[in-house]
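Reading through the C-alpha cells given below for one structure.
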Amino acid sequence: MSFSDNLKRIRKDKNLTQEELAEMLNVSRQAVSKWEQKLGYPEIETLFNIANQLDVSLDTLMSEEMSESDKKDISNITGKIVIKAYDHQSFATCSKISSGKLYHKKERKDYANYALWGVEGTGFFGGNYTLLGLYLNKGDIDKEVEEILNAMKKGISYYELKYANEVIKQRGKFKIVK
C-alpha cells in the first residue's frame, strides 16, 4: 500500500469524510482528495500533522506492505543503534527506522525526494521520530537502509550516515547543497 492508500483507509476507518479531515488539518478538501488520488502529496510538516490528527505513527501512514521474507529477515532485530544525523551534530538512538518519499508534484533534481527517520519507543503517536537524513534518489536511501539494517543485525551500536545529502531549507522544502 502507498501513502495515498494508507491515508484513505485510515480516514475511512475513523469514519471521517475528506472535508472533515481537511478541516482538522487546516487544508482544503481538494488537497486531501489529491493526496488520496496520488495527484499530490503533503509537505513534511503536514505529514506529521496528519499522523498526529489521525492518531497513527508515520510508519503506519507512510509504509508500504513488506513481503513475508522481508519481515522474517528483520524480525530478529531487537537492539538499538545510535545514528549520527545528516546535520553531523544530532544523534538519535533508534530501535527501528522508517523511510519514505517526500512528495512533490514531480520528482525534483534539486530538492530532497526521500527522507529517513529514526524511531524510538512506542509512545502515544507510535514513538518519537527523528529526521536522520534526506536523499535525492531512491537508490541512495535504499543503500542506507540496507547498511543500517545490516549493522543492527550484527549488533553494531553506532552508524554514521553515508549517503544522505547535505541540504538547506528553502521555502518549506529541503534543497540539495551541491
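Each reported figure results from applying straightforward, stated rules to the coordinates on display, with no laboratory input. Computed from a predicted structure; not experimentally measured. FYI the Cβ positions are ideal-geometry reconstructions off the backbone, even for glycines, and counts take in every protein chain you see.
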Would you grab the residues whose amide H sits under 5 Å from the one on Leu132? Only those 5+ places off in sequence or on another chain, please, with H modelled 1.01 Å from N.
Leu116, Trp117, Gly118
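Can you flag which of Lys138/Lys169; Lys96/Lys175; Lys34/Lys84 are past 30 Å Cα-Cα? Display every interim value, and only then the final one.
Working: Lys138/Lys169 20 Å; Lys96/Lys175 26 Å; Lys34/Lys84 35 Å.
Beyond 30 Å: Lys34/Lys84.
Taking R0 as 22 Å, what FRET efficiency do you get between Lys143 and Glu166 from their Cβ-Cβ distance, rounded to the nearest 0.05?
On the way: r = 17 Å, r/R0 = 0.77.
Using R0 = 22 Å, I get an efficiency of 0.85.
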To the nearest 20 Debye, how big is the dipole of the range 1-41 about its Cα centre, given +1 on the beta carbon of each Lys and Arg and -1 on that of each Asp and Glu?
140
So how do 16-23, 2-9 stack up, highest first, on mean other-Cβ count within 10 Å?
2-9, 16-23
